[in-house]
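Have a look at the structure below before the remarks.
The values are calculated or read from the model by the stated rules, or taken from the named source; none is laboratory data. Because the structure is a prediction, the values reported are computed rather than measured. All Cβ positions, glycine included, derive from the backbone under ideal geometry; neighbour counts span all protein chains shown. To get the accessible areas, we keep the full protein, side chains included, count just its heavy atoms, and leave off ligands, DNA and RNA. Shrake-Rupley method; radii C 1.70, N 1.55, O 1.52, S 1.80 Å.
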Amino acid sequence: MRIIVAGASGLLGTAISSSLRSAGHDVGTLVRRSPATPSEFRWDPAAGRIDESALRGADAVVNLSGAGIGDRPWTRARITELRTSRLDATRTLTAAMGRQDTPPAVLLSQSASGYYGNAGPAVLRENALPGSGVLARICVDWEAAAHEAPAGVRVVTPRTGVVLSRSGGALGRLLPLLRLGVGGPLGNGRQYWPWITLPDVAGAFTFLLDNPLSGPVNVCAPETADVNSLIAHLAAALHRPAVLRVPAPALRLVMGQLADELLLASQRMEPAVLEGAGFQWQHPSLAQAAAWVADRGPDS
């Protein structure tokens, strides 16, 4: 297929684009600067502008655009940016698809596990109701924007969980601390994180392009784990202790609302749609994932 990727320069975008190319697809990318290669096309999602030739003849669009959730403190201005960067990009794409004589047949538009808010130990399948909070509201509107695609377009909204990467990924500054033996669980550690390795995210997106699924899809591993278990497995694979727990009040003091929604929230997601469709994970168990993260090889 000819596939256009928005947000191709980030951690997920780089891995997914590489996976799609390895599978034999022709991948074009949307960039905000002047294009440097024939496979790049300029766009300005904040202004709703896009090079219309990007979508001409495209079979699918993968939308990963949006400001980084945990990159900066959540000021009121930053929360607005988190929301508008996602909605502007998605609506720019769906509007451009609607202007095509033959729009791309598929739109994979990223969402996130934050859709479910803080759900405690409840098992969350794709039919679960949205939660409350900043991330949940953003995800609800983000998914709705994707469904503004033209009639006949198959729309998939992957609700991606915590991505484990050898370079850190969602673990951010925690993985280097664990490698040094000075890390530990966050809060009481009983909150569930819907984890998945980076290669399995890339594999899931390729799978979703090739299979006739639509609507929300939980993108996480089939084995659920709370933070205590996740950190323990990673530390064991790294042959390091992980006893320096970071208490919730300290996280809130440093990170404010972001700590509650990103680090302390519990989402026990189940990948019911992927499992039902026969997706095969490279790292279905936490032990396998931890061993992969501990390996010093490349992320792919």
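Please find, within the stretch 166-184, the residue that is farthest from Ala291 (Cα to Cα) out of those that are among the charged types (D, E, K, R) and assigned to a loop (DSSP other than H, G, I, E, B). Result: Arg173.
Checked against (1) within 17 Å of the chain's Cα centre (by Cα); (2) more than 22 Å from Leu12 (Cβ to Cβ), Ala265 passes all but condition (2). A single member of Leu258, Leu234, Leu251 is closer than 14 Å to Leu171 by Cα and in contact (Cβ under 8 Å) with a residue 60 or more places away in the chain, and it is Leu234. For the stretch 140-170, the set of residues classified as free of Cβ contacts under 8 Å to residues at least 40 places away in the same chain and more than 19 Å from Ser65 (Cα to Cα) consists of Ala151, Gly168, listed by residue number. Scanning the stretch 213-245 for residues that are open to solvent by 40 Å² or more (accessible area, probe 1.4 Å), over 24 Å from the mean Cα position of the chain (by Cα) and not β-branched (Val, Ile, Thr) turns up Ala236, His239, Arg240, Pro241, Leu244, Arg245. Of a type in the set (A, V, I, L, M), surrounded by 17 or more Cβ atoms within 10 Å (Cβ to Cβ) and within 24 Å of Met255 (Cα to Cα), is that true of Ile69? Yes: the conditions hold for Ile69. Scanning the stretch 104-141 for residues that are hydrophobic (A, V, I, L, M, F, W, C) and either in contact with a His (Cβ under 6 Å, 6 or more places away or on another chain) or in a strand (DSSP E or B) (or both) returns Val106, Leu107, Leu108, Ala112, Val123, Leu124.
Check whether at least one residue in the stretch 64-82 is of a type outside the set (S, T, N, Q) and touching a strand residue (DSSP E or B) at 6+ places or on another chain (Cβ under 7 Å), and report yes or no. Yes, the stretch 64-82 has at least one match. Residues of the stretch 8-53 that are open to solvent by 80 Å² or more (accessible area, probe 1.4 Å), touching a helix residue (DSSP H, G or I) at 6+ places or on another chain (Cβ under 6 Å) and closer than 27 Å to Thr197 by Cα: none at all. Apart from one condition, Leu258 fits all of (1) in contact with a Phe, Trp or Tyr (Cβ under 8 Å, 6 or more places away or on another chain); (2) among the hydrophobic types (A, V, I, L, M, F, W, C); (3) surrounded by fewer than 20 Cβ atoms within 10 Å (Cβ to Cβ); (4) modelled with pLDDT under 90; the exception is (3).
Filter the stretch 113-150 down to residues that are within 21 Å of Val163 (Cα to Cα) and acidic (Asp, Glu) and give me whichever is nearest to the chain's Cα centre (by Cα). Within the stretch 113-150, the match that is nearest to the chain's Cα centre (by Cα) is Glu143.
Over 25 Å from Glu223 (Cα atoms) and crowded, with 22+ Cβ neighbours inside 10 Å - does that describe any residue in the stretch 106-115?
Taking the stretch 106-115 and keeping what is over 25 Å from Glu223 (Cα atoms), we get 106-107.
Going one step further and asking which of them are crowded, with 22+ Cβ neighbours inside 10 Å, we end up with 106-107.
Checked the stretch 106-115: at least one residue is over 25 Å from Glu223 (Cα atoms) and crowded, with 22+ Cβ neighbours inside 10 Å.
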